[in-house]
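J.: Structure below; questions to follow.
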Amino acid sequence: MRAIVIGGSGQIGGWLLRTLVEAGAEAVGTYATVPMPGLVQLDASNQAEAADWLRSQRPDVVFYPAGFTWVDGCERDPIKAFASNMDEPLNLARVASETDAKFVYFSTDYVFDGLTGPYDETDLPHPLSVYGGAKLAAERSLLNELGELALVIRTSWVYGPERQGKNFAYQLVKTLRAGKPLICPSDQISSPSYGPDVARAALAIVEAGEAGLIHIVGPEVLDRVSFAQAIAKAFDLSPDLIEGQTTHELNQGAPRPLRGGLKTTRLDSLKAGMMRSLEDSLADFRETLLRSDGWRDPLST
Ligand SMILES: NC(=O)c1ccc[n+]([C@@H]2O[C@H](COP(=O)([O-])OP(=O)(O)OC[C@H]3O[C@@H](n4cnc5c(N)ncnc54)[C@H](OP(=O)(O)O)[C@@H]3O)[C@@H](O)[C@H]2O)c1
């Protein structure tokens, strides 16, 4: 398999590249603004140039764990949100389809309104935010236009070792180690998802020849404060400085689904047991950092 990972410098992209290489695939990853060894620079907003480059690669599969992922930033800049999360992946998906390559797009539980989560693949989306709206528009365009060549993976609250060190677990560990309070929403509920398992499951689904829409998340559905406490415990940090506030009190820039999270009905029927528990995942997170395999260690920065 020859795979391209657009967004190889990101969290999920980094794990996809590693998983692909371990599986014996030929994999080329890209970065947009954060150079990393072995990655090729590609800015998907230069649509013609990006299309030419992808065409020259002749991939069997293109993974797209990329885009404008800052939810409050998307609310402020809807034009960029739709360009980055819909138009640019669609441009490259069309190129991939010229040679019958599969296109794998990463989406979110923010396509739902969070009134009745966790949701499964058959539930009707109703996004509250610009980010969720752009992701849903992309999902629909890709599935309509590409048919069996499109795979849309929804995930949520992704954490784990990463090279940029941006995810919630890193923010939490760094904040608590600095002796500062970590304020997080007490009433937002979702499905924490371990990055390495998301990547492994994504590849297994592609190798199984699956298409369409699938949810890939961890097995627990819990609130952000409980998630934060579990991370603190795994990193031997006191949870005393974790402080919950309601979404109303926090006044975030974009509305959030409160009772979100995803059910993995389809993943379980196809590849049961791919996603480890939060406890096992956090233990693996610590062990992986000890191997200092290029991942940033939140305890050492
Ligand atoms: N993380 C989560 O909790 C979560 C939850 C649900 C869904 N998702 C979805 O999963 C996907 C991956 O998430 P992530 O957390 O791995 O994201 P991430 O760590 O923020 O990485 C985003 C990647 O996109 C690249 N990128 C940004 N603008 C680009 C452009 N114009 N052209 C090409 N590449 C560009 C970035 O490159 P540089 O860093 O080099 O600029 C980076 O590699 C996203 O689509 C997100 O919506 C994530």
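J.: What helices (runs of 4 or more DSSP H), lying completely within region 38-88, carry at least 1 residues that are more than 10 Å from the ligand (Cβ to nearest atom) and under 18 Å from the mean Cα position of the chain (by Cα)?
T.: Numbers: elements: 47-57, 71-76, 78-82.
By residue number, 71-76, 78-82.
J.: Select from region 51-102 the residues that are over 26 Å from residue 166 (Cα atoms) and small (Gly, Ala, Ser) and write down the one among them that is most open to solvent (accessible area, probe 1.4 Å).
T.: 56
J.: Among the residues of region 251-263, is any open to solvent by less than 20 Å² (accessible area, probe 1.4 Å) and more than 30 Å from residue 145 (Cα to Cα)? Steps first, please.
T.: Initially, region 251-263 is screened for residues open to solvent by less than 20 Å² (accessible area, probe 1.4 Å), giving 254, 257, 260-262.
Those still in the list that are more than 30 Å from residue 145 (Cα to Cα) too: none.
No, region 251-263 has no match at all.
J.: Also: Among the residues of region 281-301, which ones are farther than 18 Å from residue 190 by Cα and outside any loop (DSSP other than H, G, I, E, B)? So that I can check it myself, show each step before the final result.
T.: Keep residues of region 281-301 that are farther than 18 Å from residue 190 by Cα, which gives 283-301.
Matches in region 281-301: 283, 284, 285, 286, 287, 288, 289, 290.
J.: Sticking with this structure for a sec: Please find, among 129, 186, 141, 190, the residue that is closer than 30 Å to residue 39 by Cα and hydroxyl-bearing (Ser, Thr, Tyr).
T.: Details: 129 fails: closer than 30 Å to residue 39 by Cα; 186 fails: closer than 30 Å to residue 39 by Cα; 190 fails: closer than 30 Å to residue 39 by Cα.
Being closer than 30 Å to residue 39 by Cα and hydroxyl-bearing (Ser, Thr, Tyr) holds for just one of 129, 186, 141, 190, which is 141.
J.: Every residue in region 2-22 that is more than 6 Å from the ligand (Cβ to nearest atom), open to solvent by 10 Å² or more (accessible area, probe 1.4 Å), not hydrophobic (A, V, I, L, M, F, W, C) and not in a strand (DSSP E or B), please.
T.: Within region 2-22, 18, 19, 22 meet the criteria.
J.: Does residue 115 count as within 16 Å of the ligand (Cβ to nearest atom) and either of a type outside the set (Val, Ile, Thr) or in contact with a Ser or Thr (Cβ under 7 Å, 6 or more places away or on another chain) (or both)?
T.: Values: within 16 Å of the ligand (Cβ to nearest atom): no; either of a type outside the set (Val, Ile, Thr) or in contact with a Ser or Thr (Cβ under 7 Å, 6 or more places away or on another chain) (or both): yes.
Criteria not met by residue 115.
J.: Among the residues of region 144-161, what is the count of those that are more than 7 Å from the ligand (Cβ to nearest atom) and in a loop (DSSP other than H, G, I, E, B)?
T.: So the count comes out to 2.
J.: Search region 164-218 for residues being open to solvent by 50 Å² or more (accessible area, probe 1.4 Å) and within 16 Å of the ligand (Cβ to nearest atom), and hand back the single one that is nearest to residue 267 (Cα to Cα).
T.: 200
J.: Out of (1) touching a residue at least 40 places away in the same chain (Cβ under 8 Å); (2) within 14 Å of the ligand (Cβ to nearest atom); (3) closer than 26 Å to residue 263 by Cβ; (4) assigned to a loop (DSSP other than H, G, I, E, B), the odd one out for residue 105 is which?
T.: (4)
J.: Under 9 Å by Cβ, and 6 or more places apart or on different chains, what pairs join a residue from region 16-36 that is on the phi > 0 side of the Ramachandran plot with one that is away from the ligand (no atom under 13 Å from the Cβ) and assigned to a loop (DSSP other than H, G, I, E, B)?
T.: 24/1
J.: Only one of 136, 176, 143, 172 is without any contact (Cβ under 8 Å) to a residue 40 or more places away in the chain, more than 23 Å from residue 200 (Cβ to Cβ) and of a type outside the set (Asp, Glu). Can you tell me which?
T.: 136
The values are calculated or read from the model by the stated rules, or taken from the named source; none is laboratory data. Remember, predicted model here, so these are calculated numbers, not experimental data. Glycine also receives a Cβ, built like all others from the backbone with ideal geometry; neighbour counts cover every protein chain displayed. SASA here: full protein model, heavy atoms, side chains in, ligands and nucleic acids out. Shrake-Rupley method; radii C 1.70, N 1.55, O 1.52, S 1.80 Å.
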